[in-house]
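Before we start, here is the structure in question, set down as structure tokens.
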Amino acid sequence: MFGWLIGRRGRHGFDLTDWMAFGFLGLGVFLMLGPVLWLVLSSFKTEAALQEYPPKFLPLAPIERMVEGFDQPLQMFTVTAGEHAGRELAQVRRIGLNAQMVDPANPSERLNVAISDREPLREFGIATENYTDVFSRFNFMLYFWNSTFITVVATILTVLFNSMAAFALAKYKFTGRNAVFVLIIATLMIPPTITLVPLFLVISEMGMVNSHWGVIWPAIATPTGVFLLRQYMLTIPDDLLDAARMDNASEWKVYWKIVLPLSAPALAVLVIFSVMWRWNEFLWPLIVLNRSEVFTLQLALNSFQGELQTSWSNLLAMTVLTLLPITIVFAFLQKYITQGIAQSGVK
Amino acid sequence: MAGLSLKGIVKEYGAVRVIHGVDLEIADGEFCVFVGPSGCGKSTLLRMIAGLEDITGGDLLIGGDRVNDQRASERGLAMVFQTYALYPHMSVRANLAFGLENIRMPRAEIDARVAEAARMLQLEPYLDRKPKALSGGQRQRVAIGRAVVREPKVFLFDEPLSNLDAELRVTMRGEIAALHRRIGNTMIYVTHDQVEAMTMADRIVVLRDGRIEQQGAPIELYNRPANKFVAGFIGSPRMNFIACEVVEADGQGARLRDPSGRELVAHVDGRGLNPGNKVDLGVRPEHLHPVAEGEPGIAATVENVEQLGGESYLYCRGPDGVEVTVHMSGQTALGRGAPVVLGVQPDLCHVFRQDGVAQPRLRLGEAVG
């Protein structure tokens, strides 16, 4: 079952190409997955563990314990040298190169230990409160719903509008067809930042600032989508459409019942693209949405980063949650990406 | 059911005229075959009748009504495509029902019609399959079934058998002919295969370069081709043509001299021909047979022999280097390189003037009985 994972070219042991292939792919895996893995592990670290330097890979949190007579939990250390070597003590405060410590069993007696003689006690601790906090302290579900609404509605409209345009450009002969197509493709060369201001003025005039529709409408006409679908639809034989016309199908029915179902692989690709674009979009929502109750997840993440202090543990947890839906969508539809792209290029 | 009438039908793509004013009457219930070489405009003509191509000029009447401006769906026709054009994402049942659903027929009647068509075309075991799970012949039957369920006024077939293998083609040919006998609708069938045309048609329309060259019953076209093109197109293997010179000609026949100097007599109306005129003598392969030296005929050398047991083909090099094919029943002792005299019966000869037009034949040797 895992033959593909350990398959190699050399018949007896690894030969040079095997080493190179495994090395290259391993490097790729490290570069691609490393940061994601780091993010996921970090999202389970406590705030204290996150602040630690040098950072640790695994979520090993310094142990803190409540000691009688102190309001705050105290960090636990094990003493490695000197008078109290071998004991586990709680640190009360640090004074220069010395630390004032107490034995939790005997909190009234203060002990002095050189800081080089002690080692913090750690335990493997998963800080699930990072995640629960996201739901209890921040309004995660509201942002999640905002993002979902924008993504789903924009994707449905994108698929609908782009496929209609692609159908017309692929299957109808009219004067100026190529000119229209070239115009649509040409817009690929205009960076979105150039249209940002005029677009905002339009949206603002239409009263769609701070409305989800202000994010949705400008996004639904994508040249990439039209191009992708048109190229795919060119491969649908005209005879099929003619047959449907002979079968009393209206042009709308030809589109809805014949062309759309047959374009499914290309549509799946566009769905994935559109979901990724809308879900991860940052700049345009940042401009259109100013009130926190209409924020998307990306905007909410950004607003976590305060001017003075940032709650990194919650930010990381929320980032992981934000990545999840898109990962799931991708996992289910990824086989269509290669299929759809491969088929839309060549007949 | 209805007859069709084409009056001066013209098709132009920009400045290019591909159909040059076709006039044609197709009677109710007739099986009419459009035949011609590739690019002769037969498919375009069919698509214009179907409503899939605009008609540039002229009138198209179906059942007496002018339908030029009606859309394909309004004309009440059904078409079977060369590529079958089955909807790949629908089951056979859905393929058959699609056209009926579009006219909002009640569900019960759709089911009844689909069941009836499936029974007639022996598709019942396959109703829930997708087209890609069917063989070529089954797909073709589904395509025909899709036309049948709609009970159209006219069936249109666009080279429906050209994607099938030879054996299946013969079977399906029979099935389509049987279908026509059973339901008796008007059918228009386009093909480039003259065997299909000969075997199925009530009437053949031979097209070339967007013009009708000749139309008529298959055997009439075989016996009395109006010109050299039709003579060469109808009949297999194709007719042999030998360039000759007129020695003398009158209303009772014509005497011709072939390039090797032999004289032959053709029973054609020779009026209009003058001694010294260049003509083409046309003889079908099945009307040539080896005769003894000295009898009237064409001198030739055998270049290749195909023995099929029951019949034989001789490929000969005739006078002036022209290729002559001979089709004879039975077997032959002639071998490669043998000189041979090919006898010609005067009443089986065709004579074509330089412009290709045939001289009328006086007697039809084939029409015995």
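I'm trying to understand the selection: among the residues of segment A:190-200, which are in a helix (DSSP H, G or I) and either β-branched (V, I, T) or at pLDDT 90 or above (or both)? Give the derivation first.
Initially, segment A:190-200 is screened for residues in a helix (DSSP H, G or I), giving A:192-200.
Across segment A:190-200, the qualifying residues are A:T193, A:I194, A:T195, A:L196, A:V197, A:P198, A:L199, A:F200.
From (1) in contact (Cβ under 8 Å) with a residue 24 or more places away in the chain; (2) in a loop (DSSP other than H, G, I, E, B), pick out the condition that doesn't hold for A:Q72.
(1) is the only condition that A:Q72 fails.
Regarding A:L41, is this residue at pLDDT 85 or above, in contact with a Pro (Cβ under 9 Å, 6 or more places away or on another chain), within 30 Å of A:M318 (Cα to Cα) and not in a strand (DSSP E or B)? Break it down stepwise before answering.
On the way: at pLDDT 85 or above: yes; in contact with a Pro (Cβ under 9 Å, 6 or more places away or on another chain): yes; within 30 Å of A:M318 (Cα to Cα): yes; not in a strand (DSSP E or B): yes.
Criteria met by A:L41.
Kindly state which helices (runs of 4 or more DSSP H) lie completely within segment B:176-262 and contain at least 1 residues that are crowded, with 21+ Cβ neighbours inside 10 Å and without any contact (Cβ under 8 Å) to a residue 24 or more places away in the chain. Full working, then the answer.
Values: elements: B:194-200, B:218-223, B:228-233.
So the answer is B:218-223.
Show the residue pairs that are 6+ apart or on different chains and have beta-carbon atoms under 7 Å apart, the first residue being within segment A:213-241 and over 17 Å from A:V275 (Cα atoms), the second being surrounded by fewer than 20 Cβ atoms within 10 Å (Cβ to Cβ) and of a type in the set (S, T, Y).
Sorted first by the residue in segment A:213-241, then by its partner, the pairs are A:P237/B:T83; A:D239/B:T83.
If I ask for residues that are within 12 Å of chain A (Cβ to nearest Cβ), among the aliphatic types (A, V, I, L, M) and not in a strand (DSSP E or B), which ones from segment B:66-82 would you list?
B:A72
While we're looking at this one, here's another question. Has segment B:34-41 got at least one residue that is among the hydrophobic types (A, V, I, L, M, F, W, C), more than 11 Å from chain A (Cβ to nearest Cβ) and either touching a helix residue (DSSP H, G or I) at 6+ places or on another chain (Cβ under 8 Å) or not in a loop (DSSP other than H, G, I, E, B) (or both)?
If we filter segment B:34-41 for residues that are among the hydrophobic types (A, V, I, L, M, F, W, C), which is where we start, we get B:34-35, B:40.
Now narrow it down to the ones that are more than 11 Å from chain A (Cβ to nearest Cβ): B:34-35, B:40.
Next cut, either touching a helix residue (DSSP H, G or I) at 6+ places or on another chain (Cβ under 8 Å) or not in a loop (DSSP other than H, G, I, E, B) (or both) only: B:34-35.
Within segment B:34-41 (the criterion being among the hydrophobic types (A, V, I, L, M, F, W, C), more than 11 Å from chain A (Cβ to nearest Cβ) and either touching a helix residue (DSSP H, G or I) at 6+ places or on another chain (Cβ under 8 Å) or not in a loop (DSSP other than H, G, I, E, B) (or both)), the answer is yes, since at least one residue qualifies.
Against the condition within 13 Å of another protein chain (Cβ to nearest Cβ) and closer than 20 Å to B:I212 by Cα, how does B:Y87 come out, does it pass? Quick ask: steps written out before the conclusion?
Details: within 13 Å of another protein chain (Cβ to nearest Cβ): yes; closer than 20 Å to B:I212 by Cα: no.
The answer is no for B:Y87.
Within segment A:75-82, is there a residue that is in a strand (DSSP E or B), hydroxyl-bearing (S, T, Y) and in contact (Cβ under 8 Å) with a residue 40 or more places away in the chain? Walk me through how you get there before you give the answer.
Keep residues of segment A:75-82 that are in a strand (DSSP E or B), which gives A:75-79.
Still in the list and also hydroxyl-bearing (S, T, Y): A:78.
Still in the list and also in contact (Cβ under 8 Å) with a residue 40 or more places away in the chain: A:78.
Looking through segment A:75-82, at least one residue is in a strand (DSSP E or B), hydroxyl-bearing (S, T, Y) and in contact (Cβ under 8 Å) with a residue 40 or more places away in the chain.
If I ask for residues that are crowded, with 21+ Cβ neighbours inside 10 Å, in a helix (DSSP H, G or I) and more than 9 Å from chain B (Cβ to nearest Cβ), which ones from segment A:241-266 would you list?
Listed by number, the residues that qualify are A:V259, A:A266.
Among residues belonging to segment B:269-322 that are touching a residue at least 60 places away in the same chain (Cβ under 8 Å) and in a strand (DSSP E or B), point out the one that is surrounded by the fewest Cβ atoms within 10 Å (Cβ to Cβ).
Only one residue fits best here, namely B:K278.
Scanning for something aromatic (F, W, Y), at pLDDT 80 or above and closer than 20 Å to A:F124 by Cβ, does segment A:50-71 turn up at least one residue? Break it down stepwise before answering.
Start the filter on segment A:50-71 by keeping residues that are aromatic (F, W, Y), which leaves A:53, A:57, A:70.
Subset that is at pLDDT 80 or above: A:70.
Imposing the further condition that a residue be closer than 20 Å to A:F124 by Cβ reduces the set to none.
No; the residues of segment A:50-71 include none that is aromatic (F, W, Y), at pLDDT 80 or above and closer than 20 Å to A:F124 by Cβ.
Looking only at residues in segment A:149-176 that are under 27 Å from A:A268 (Cβ atoms) and of a type in the set (G, A, S), which one is surrounded by the fewest Cβ atoms within 10 Å (Cβ to Cβ)?
We begin by selecting, within segment A:149-176, every residue under 27 Å from A:A268 (Cβ atoms); these are A:149-172.
Narrowing the set further to residues that are of a type in the set (G, A, S) leaves A:154, A:163, A:165-166, A:168, A:170.
Working: A:A154: 24, A:S163: 26, A:A165: 20, A:A166: 27, A:A168: 18, A:A170: 22.
Ranking the candidates gives A:A168 first.
While we're on this one: Return the residues of segment B:66-84 that are over 11 Å from B:I49 (Cα atoms) and among the hydrophobic types (A, V, I, L, M, F, W, C); say none if nothing qualifies.
B:V80, B:F81
Are any residues in segment B:45-65 touching a residue at least 60 places away in the same chain (Cβ under 8 Å), in a helix (DSSP H, G or I) and more than 10 Å from chain A (Cβ to nearest Cβ), and if so, which ones? Explain how you work it out, then say what you get.
Step one: of segment B:45-65, the residues touching a residue at least 60 places away in the same chain (Cβ under 8 Å) are B:45-47, B:49-50, B:62-64.
Next, from what is left, pick out any that are in a helix (DSSP H, G or I): B:45-47, B:49-50.
Answer for segment B:45-65, where residues must be touching a residue at least 60 places away in the same chain (Cβ under 8 Å), in a helix (DSSP H, G or I) and more than 10 Å from chain A (Cβ to nearest Cβ): B:L45, B:L46, B:I49.
Then there's this: Which numbered condition trips up B:Q122, out of (1) part of a loop (DSSP other than H, G, I, E, B); (2) under 30 Å from A:P265 (Cα atoms); (3) more than 10 Å from every other protein chain (Cβ to nearest Cβ)?
Against the list (1) part of a loop (DSSP other than H, G, I, E, B); (2) under 30 Å from A:P265 (Cα atoms); (3) more than 10 Å from every other protein chain (Cβ to nearest Cβ), B:Q122 comes up short only on (2).
Of all residues in segment B:93-137, count the ones that are surrounded by fewer than 20 Cβ atoms within 10 Å (Cβ to Cβ), in contact (Cβ under 8 Å) with a residue 40 or more places away in the chain and of a type outside the set (A, V, I, L, M, F, W, C).
Residues in segment B:93-137 being surrounded by fewer than 20 Cβ atoms within 10 Å (Cβ to Cβ), in contact (Cβ under 8 Å) with a residue 40 or more places away in the chain and of a type outside the set (A, V, I, L, M, F, W, C): 2 in total.
Condition first: loosely packed, with under 13 Cβ neighbours inside 10 Å and not hydrophobic (A, V, I, L, M, F, W, C). Now tell me which residues in segment B:332-357 satisfy that.
Matches in segment B:332-357: B:G335, B:R336, B:G337, B:P339, B:Q354, B:D355.
Every residue, every condition in (1) crowded, with 18+ Cβ neighbours inside 10 Å; (2) more than 19 Å from A:N112 (Cα to Cα), yes or no:
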| site | (1), (2) |
| --- | --- |
| A:P54 | no, yes |
| A:L58 | no, yes |
| A:G69 | no, no |
| A:V79 | yes, no |
| A:A90 | yes, no |
| A:A99 | yes, no |
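Quick grid of which residues meet (1) over 22 Å from the mean Cα position of the chain (by Cα); (2) surrounded by 14 or more Cβ atoms within 10 Å (Cβ to Cβ); (3) assigned to a loop (DSSP other than H, G, I, E, B):
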| site | (1), (2), (3) |
| --- | --- |
| A:M141 | no, no, no |
| A:S147 | no, yes, no |
| A:N178 | yes, no, no |
| A:V182 | yes, no, no |
| A:I185 | yes, yes, no |
| A:V209 | yes, yes, yes |
| A:L228 | yes, yes, no |
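Report yes if some residue within segment A:103-123 is hydrophobic (A, V, I, L, M, F, W, C), outside any helix (DSSP H, G or I), touching a helix residue (DSSP H, G or I) at 6+ places or on another chain (Cβ under 9 Å) and touching a residue at least 12 places away in the same chain (Cβ under 8 Å); otherwise report no. Even if it seems obvious, please write down each step before you answer.
Taking segment A:103-123 and keeping what is hydrophobic (A, V, I, L, M, F, W, C), we get A:105, A:111, A:113-115, A:121.
From the residues that got through so far, the ones that are outside any helix (DSSP H, G or I) too are A:105, A:111, A:113-114, A:121.
Add one more test, that the residue is touching a helix residue (DSSP H, G or I) at 6+ places or on another chain (Cβ under 9 Å), and what stays is none.
Taking every residue of segment A:103-123 in turn, none turns out to be hydrophobic (A, V, I, L, M, F, W, C), outside any helix (DSSP H, G or I), touching a helix residue (DSSP H, G or I) at 6+ places or on another chain (Cβ under 9 Å) and touching a residue at least 12 places away in the same chain (Cβ under 8 Å).
A further question follows. For segment B:342-356, check the following and say yes or no: at least one residue is among the aliphatic types (A, V, I, L, M), at pLDDT 90 or above and over 21 Å from B:N223 (Cβ atoms).
no
Determine, yes or no, whether B:R146 is charged (D, E, K, R), within 14 Å of chain A (Cβ to nearest Cβ), within 32 Å of the chain's Cα centre (by Cα) and crowded, with 21+ Cβ neighbours inside 10 Å. Walk me through how you get there before you give the answer.
Numbers: charged (D, E, K, R): yes; within 14 Å of chain A (Cβ to nearest Cβ): yes; within 32 Å of the chain's Cα centre (by Cα): yes; crowded, with 21+ Cβ neighbours inside 10 Å: yes.
Judged against the criteria, B:R146 is a match.
For segment A:268-287: of the residues being surrounded by fewer than 23 Cβ atoms within 10 Å (Cβ to Cβ) and aliphatic (A, V, I, L, M), which is nearest to the other protein chains (Cβ to nearest Cβ)?
Ranking the candidates gives A:A268 first.
Is it true that some residue in segment B:2-14 is in contact with a Gly (Cβ under 9 Å, 6 or more places away or on another chain), acidic (D, E) and surrounded by fewer than 16 Cβ atoms within 10 Å (Cβ to Cβ)? If you could, list the steps in order and put the result at the bottom.
Taking segment B:2-14 first, the residues in contact with a Gly (Cβ under 9 Å, 6 or more places away or on another chain) are B:2-12.
Okay, now just the ones that are also acidic (D, E), so B:12.
Then drop every residue that is not surrounded by fewer than 16 Cβ atoms within 10 Å (Cβ to Cβ), which leaves B:12.
Yes, some residue in segment B:2-14 is in contact with a Gly (Cβ under 9 Å, 6 or more places away or on another chain), acidic (D, E) and surrounded by fewer than 16 Cβ atoms within 10 Å (Cβ to Cβ).
Is it the case, given these coordinates, that A:I6 is touching a Leu at 6+ places or on another chain (Cβ under 8 Å), on the phi < 0 side of the Ramachandran plot, at pLDDT below 80 and of a type in the set (A, V, I, L, M, F, W, C)? Step through it out loud before you land on a result.
Values: touching a Leu at 6+ places or on another chain (Cβ under 8 Å): no; on the phi < 0 side of the Ramachandran plot: yes; at pLDDT below 80: yes; of a type in the set (A, V, I, L, M, F, W, C): yes.
Considered against the rule, which asks whether it is touching a Leu at 6+ places or on another chain (Cβ under 8 Å), on the phi < 0 side of the Ramachandran plot, at pLDDT below 80 and of a type in the set (A, V, I, L, M, F, W, C), A:I6 comes out as no.
Considering only segment B:16-24, I want to know if a residue exists there that is among the β-branched types (V, I, T), over 17 Å from the mean Cα position of the chain (by Cα) and outside any strand (DSSP E or B).
Within segment B:16-24 (the criterion being among the β-branched types (V, I, T), over 17 Å from the mean Cα position of the chain (by Cα) and outside any strand (DSSP E or B)), the answer is no, since none of the residues qualifies.
The values are calculated or read from the model by the stated rules, or taken from the named source; none is laboratory data. Note that the structure is predicted; figures quoted are calculated from it, not measured. With ideal geometry, Cβ positions are generated from the backbone for all residues, glycine too; neighbour counts draw on all protein chains shown.
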